[in-house]
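What follows is calculated from the coordinates using simple rules that are stated; it is not laboratory data. Just so it is clear, the model here is predicted, and its values are computed rather than measured. Cβ coordinates were reconstructed from backbone atoms using ideal geometry, including for glycine residues, and neighbour counts include every protein chain displayed.
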Amino acid sequence: MLPRSCCRLGLLLFALLASTCAGTRGNVYPLDGAYLRSGSMFTRLQKIMDLNPALVRLNIIGFSGSENLPLYCLDIGRPGAARNVLLIGQHHGDEVLGLEVVLEWAEKLAGSSREDKKIAAVLDSFRFWIVPTLNPEGHRVVSAGLSSSQRKNNRDTNANGKLDLPGDGVDLNRNYPVFWDEFAELPPQHQNYKGSEPASEKEILAITLLAQKQPFDYAIFYHSSPSGALSEKIFLPALDRGNARQVKAYAELEDICAANTRSAPRRGPAWERPATTFSTSTAPKPFWWRSAG
Ligand SMILES: [Zn+2]
């Protein structure tokens, strides 16, 4: 049975996403002035921290590989909370909606915890680790109006000493050690280029190290569709059926997805099980084993 606080969490997250998407007038670029610019990130995060300094901590978990931009992580909640949730607003620089969603959620958590009983109940059980963007380089390019489609980071993949748009960069979402071998070998200029080796990018190393230090019960990565061409779906992660903790969490996750899909009208199937499941014997080795091999 899903704890009521879980349902509340899922519904709140979904409501924030739905409200962000509502009323779109098609793609507008350069971005509307309401979207956060890269240079305003620290100020926005400071304001969130000031809403409730006892509840919110602002960390830097690492720096981007080419431009040395900070990778910010808001830590919101009580250190003794039973569950830890990771939210990443953005891997791809052109997917600006996720960043806005997680920042709004952070503001709601930080600013409403005293008077909103629902928020207080969520924080009784959950501690949130919110990374607005894991790709500050891509976000810098997109938010500055330099390119509407820089989904990758800004690694100089053609090694000519300057940033070429489009073309340069590594797709951070395909640079994780898990399933890296299964992604296609594509040329560096391809938008889905996965990098020269697993976790070659400092951004992925930083988030991997955070997850090793602080295991998460749930991790929600927001992706959106700059073209508007993809349907609205929640994709669940691969499941290790030999891992009892994962099986339990997965069942709760399915309940959250089902609650979300019931709460709003959808145009199509709203969530899918992954095509990939694996047993313990065939599970990918953890990162630190791979790095030693
Ligand atoms: Zn994406």
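Test of the criteria: in region 61-134, which trypsin sites (Lys or Arg not before Pro) are in a DSSP loop and have at most 13 other Cβ atoms within 10 angstrom of their Cβ? Walk me through the numbers on the way to the answer.
Values: sites: Arg83, Lys108, Arg114, Lys117, Lys118, Arg127; in loops: Arg114.
Of the trypsin sites (Lys or Arg not before Pro), the ones in loops of region 61-134 whose Cβ has at most 13 other Cβ atoms within 10 Å are Arg114.
Would you mind classifying region 106-169 by shape? Square roots of the alpha carbon gyration tensor eigenvalues, ordered a ≥ b ≥ c; an a/c under 1.5 is rounded, otherwise it is prolate if a/b is larger than b/c and oblate if not. Numbers along the way, then the final one.
Working: a/c = 5.73, a/b = 3.36, b/c = 1.70.
It is prolate, given that a/c is not under 1.5 and a/b is the larger ratio.
Packing here is the average count of other Cβ atoms within 10 Å per residue, and on that basis the peptides 43-49, 90-96, 146-152, 63-69, highest first, run 90-96, 146-152, 63-69, 43-49. Annotation note: chymotrypsin sites (Phe, Trp or Tyr not before Pro) in region 177-220 located in DSSP loop regions with a Cβ neighbour count of at most 14 within 10 Å are Phe179. Of all aspartates and glutamates in the structure, those lying under 20 Å Cα to Cα from Lys213, and not within fewer than 8 positions of it along the same chain, are Asp75, Glu201, Glu203. Using a simple spin-label model with pseudo-atoms 7 Å out from Cα toward Cβ, Asn192 and Asn243 lie 2.4 nm apart. For a modelled paramagnetic label at Ala82, 7 Å from Cα along Cα-to-Cβ, the residues of region 114-138 in reach, with backbone nitrogen under 16 Å, are 120-128. Taking a straight line from the alpha carbon of Lys194, these lysines sit under 22 Å away, with near neighbours fewer than eight places off in the same chain left out: Lys152, Lys162, Lys202, Lys285. Gyration tensor over the Cα atoms of region 132-222: the corresponding equivalent ellipsoid has semi-axes (square roots of 5 times the eigenvalues, largest first) of 23, 16, 11 Å.
Please work out how much length the chain gains when fully extended from Ile60 to Ala120, using 0.36 nm per residue of separation minus the C-alpha to C-alpha distance, in nm with one decimal. All intermediate terms of the calculation are to be shown ahead of the outcome.
Details: separation 60, 0.36 × 60 = 21.60 nm, distance 2.60 nm.
Fully extending the segment from Ile60 to Ala120 adds 19.0 nm.
Divided by 2.2 N^0.38 Å, where N counts the residues, the Cα radius of gyration of region 181-229 comes to 1.45. The rule of thumb for compact globular proteins, 2.2 N^0.38 Å, goes into the C-alpha radius of gyration of region 48-149 1.14 times.
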